[in-house]
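The values are calculated or read from the model by the stated rules, or taken from the named source; none is laboratory data. In this text, all values refer to a predicted model and were calculated from it rather than measured experimentally. Here the Cβ positions follow ideal geometry from the backbone for every residue, glycine too, while neighbour counts run over all protein chains shown. We work out accessible area using only protein heavy atoms, side chains counted, and drop any ligands, DNA or RNA first. Shrake-Rupley method; radii C 1.70, N 1.55, O 1.52, S 1.80 Å.
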Amino acid sequence: PKLSEEAKAASGKIYFERCAGCHGMLRKGATGKNLEPANSAKLGQARLEKVIGYGTEGGMPNFDDILTKQELKDIA
């Protein structure tokens, strides 16, 4: 999906603050999975939104009570 410059900047800030600690600054993975496009595209937009929103049993926390629905969509 295409993001406006404002949404892209906001998503980058969210990633830095909430995701980079586990998934790495370059999205190559650390304690969390590799999120580079070749890997995350396989899941698709809807699945990524659900994983980010509801978390996983493997340790990914849920963000549905922290991020808005639009932020979840944009970060996915």
- Message: If I go through segment 46-59 residue by residue, how many of them are touching a helix residue (DSSP H, G or I) at 6+ places or on another chain (Cβ under 9 Å) and at pLDDT below 95?
- Response: 1
- Message: Given the condition exposed (fewer than 14 other Cβ atoms within 10 Å of the Cβ), of a type outside the set (D, E, K, R) and part of a helix (DSSP H, G or I), answer yes or no: does some residue in segment 55-66 qualify?
- Response: no
- Starting from segment 1-25, keep only residues that are within 19 Å of residue 51 (Cα to Cα), then list their pairs with residues that are in a helix (DSSP H, G or I) and not acidic (Asp, Glu) whose Cβ atoms are within a distance under 6 Å, requiring at least 6 positions of separation or different chains. 11/75; 14/75
- Message: Exactly one of these conditions fails for residue 74: (1) open to solvent by less than 40 Å² (accessible area, probe 1.4 Å); (2) of a type in the set (Asp, Glu); (3) out of contact with any helix residue (DSSP H, G or I) (no Cβ under 6 Å at 6 or more places or on another chain). Give me its number.
- Response: (3)
- Hey, which of the helices (runs of 4 or more DSSP H) in segment 1-54, taking only ones fully inside, have at least 1 residues that are closer than 12 Å to residue 72 by Cα and in contact with a Phe, Trp or Tyr (Cβ under 6 Å, 6 or more places away or on another chain)? 45-54
